[in-house]
1. Do you know the relative contact order of region 25-104, to the nearest whole percent, from alpha carbon pairs under 8 angstrom that are 6+ apart?
2. Using a ≥ b ≥ c from the Cα gyration tensor of region 34-83 (square roots of the eigenvalues), is it rounded, prolate or oblate, where a/c under 1.5 gives rounded and otherwise the larger of a/b and b/c decides, a/b for prolate?
3. Tally the DSSP beta bridges in region 4-188 and give the antiparallel ones as a percent, rounded to 5.
4. Among L63, V167, G80, pick out the residue whose Cα is farthest towards the positive end of the charge dipole of region 49-191, where Lys and Arg carry +1 and Asp and Glu carry -1 on C-beta, about the Cα centre.
5. Can you give the charge dipole size of the chain about its Cα centre, rounded to the nearest 20 debye, using +1 on the beta carbon of Lys and Arg and -1 on the beta carbon of Asp and Glu?
6. If I fit a long axis through the Cα atoms of helix 100-119 and take the longest principal axis of the Cα atoms of the chain, what angle between them do I get, 0 to 90°, rounded to 10?
7. Helix 14-24: angle to the longest alpha-carbon principal axis of the chain, degrees 0 to 90, nearest 10?
8. Most exposed first by the Cβ proxy, i.e. fewest other Cβ within 10 Å, how do W93, W35 rank?
Amino acid sequence: MVGQRMFVALVPPDEAVADLDRLLEPRRDVGDLRWTDPAQVHVTLAFLAEVEDRRLDDLVERLERAAARRTAFEAAIAGGGAFPNAARARVVWAGLDLDDDGRTQLDHLATGCRAAAGRAGIAVDGQRFRPHLTIGRTRVPGEVSHWVRLLDGYAGPRWTADRITLVASHLGEGPRGRPRYESVAELPLGG
């Protein structure tokens, strides 16, 4: 049985994403990046390639408990970089500015979300958690140091991270053949 493609995300508020978008919008015609739709900008806490329908309720309950164990924290979109590096980038990303408590909360939140999925019998894809917001992808590995320098000087408005979102990703159903995201559940931090 093939399941749904899903991920657990920390989604910045519209105002924070709009501020970043104001920096990027006038520059988007330069270069060869496929830009992430601002409405889809998020920090992936756990990527779940196949979630069977029969496991969904258990997953939501376990994610709710994981979120309840964490407290809200302050964050700002700031800085950026490229994966794997600026010389041969596949992904350009914006970072998060977090104090020590926020970084601890976010790390524990990602660990808790991944553990919740595992306990629900769902495999978690991906490597070590590295918090970032993907803002663009290259068609072929390329030099993006100019984007990294631009993002290095960026610091957006502070906001309170107070919930996580379970998102279904429907491949090819969005504009220009991109994924369409559907919010399945929003789960508050701290219960």
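No lab work stands behind these numbers, since they all come straight from the coordinates. None of these values were measured; they are calculated from a predicted model. Here the Cβ positions follow ideal geometry from the backbone for every residue, glycine too, while neighbour counts run over all protein chains shown.
1. Values: 46 pairs, mean separation 15.9, N = 80.
Worked out over region 25-104, it gives 20 percent.
2. oblate
3. Bridges in region 4-188 are about 100 percent antiparallel.
4. Selected residue: G80.
5. Dipole about the Cα centre, nearest 20: 640 debye.
6. Compared with the principal axis, the helix lies near 50 degrees.
7. 30
8. Numbers: W93 24, W35 15.
Going from least to most buried by this count: W35, W93.
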